[in-house]
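Undergrad: So that we are looking at the same thing, I have put the structure below in structure tokens.
What follows draws every value from the coordinates through simple rules; no lab data is involved. This is a predicted model, so every value here is computed, not measured. Note: ideal-geometry Cβ built from the backbone for every residue, glycine included; neighbour counts use all protein chains shown.
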Amino acid sequence: MGRPKQFDPDAAVDQAMQVFWRKGYAGTTPQDLVDALGIGKGSLYNAFGSKHALFERALRRYRDSQAVLLMEMLEECGPVKARLRKALEFLAELDLADPDRRGCMAVNTAAELARTDQTAAELVRRMFDRTEDAFRALIEEGQRAGEIAPERDPAALGSLLLNTVVGLRLMARIAESPDRLVRVIDATVESL
């Protein structure tokens with residue numbers, strides 16, 4: 001009869017997500033994970049199989065916990081442009097308040113692994129697709145409400161807004177003040 005697990009796998013994935021988010025995939029060593037999770041290497045590999053398998057679970061956890069926040073903000077009640085501004089400002093403030101300036105784990109993963117890790121690239125692509133679809137739906141709602149001109153292409157604007165978010169999240173990693181991010185947010189909302 002095997003020994004019972006000495007740790008909670010869900011809590012371990014949460015801890016691993018924090019390490020990968022801060023250090024990136026390549027920068028995270030198995031020892032970093034062992035130290036953060038408080039388990040032995042044997043337990044780490046027995047529970048998750050490999051560093052990469054744990055990374056995939058951590059990236060999915062990020063999607064399920066962090067990336068959903070934007071969707072929820074976009075689905076709130078009120079004027080479309082106000083909701084968009086609120087969501088973009090929230091992301092900028094979140095990133096600027098983070099002492100580690102981790103940015104977005106999905107954006108970081110795309111920058112680090114998109115060319116070399118098909119599984120990670122596909123996970124990020126699906127996250128980006130979901131975000132872009134939410135922006136497109138918001139634009140269509142704004143068109144129905146008369147806030148956004150009906151001749152504007154909702155799919156193109158959804159892509160533009162996704163690109164804006166990716167850029168904001170990257171710029172926030174090195175921003176010395178919120179000024180540039182505020183200008184981007186203002187210009188984005190006014191362009192609609």
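Undergrad: Please give the number of the condition Arg102 fails out of (1) within 23 Å of Gln18 (Cβ to Cβ); (2) of a type in the set (Lys, Arg); (3) over 13 Å from the mean Cα position of the chain (by Cα).
TA: It fails just one condition, (3).
Undergrad: Within region 34-43, restricting attention to residues that are more than 13 Å from Ala11 (Cβ to Cβ) and within 25 Å of the chain's Cα centre (by Cα), which residue is surrounded by the fewest Cβ atoms within 10 Å (Cβ to Cβ)?
TA: So, considering only residues that are more than 13 Å from Ala11 (Cβ to Cβ) and within 25 Å of the chain's Cα centre (by Cα), the one surrounded by the fewest Cβ atoms within 10 Å (Cβ to Cβ) is Asp35.
Undergrad: On to the next question. Kindly provide the set of residues from region 136-163 that are touching a Leu at 6+ places or on another chain (Cβ under 9 Å), assigned to a loop (DSSP other than H, G, I, E, B) and either crowded, with 18+ Cβ neighbours inside 10 Å or among the small types (Gly, Ala, Ser) (or both), ordered by number.
TA: Result: Ile148, Ala149.
Undergrad: Give me the pairs: first residue in region 168-192 and in a helix (DSSP H, G or I), second residue of a type in the set (Val, Ile, Thr), beta-carbon distance under 7 Å, and six or more apart or on different chains, which are they?
TA: Pairs found: Leu168/Val184; Arg169/Val107; Leu170/Val107; Val184/Thr164; Thr188/Thr164.
Undergrad: Hey, among Arg101, Arg60, which residue is among the basic types (Lys, Arg) and outside any helix (DSSP H, G or I)? If you could, list the steps in order and put the result at the bottom.
TA: Values: Arg60 fails: outside any helix (DSSP H, G or I).
After applying the criteria, what remains is Arg101.
Undergrad: Still on this structure, I have one more. Restricting attention to region 75-125, report how many residues are within 24 Å of Arg144 (Cβ to Cβ), touching a residue at least 24 places away in the same chain (Cβ under 8 Å) and of a type in the set (Lys, Arg).
TA: Total satisfying the criteria: 3.
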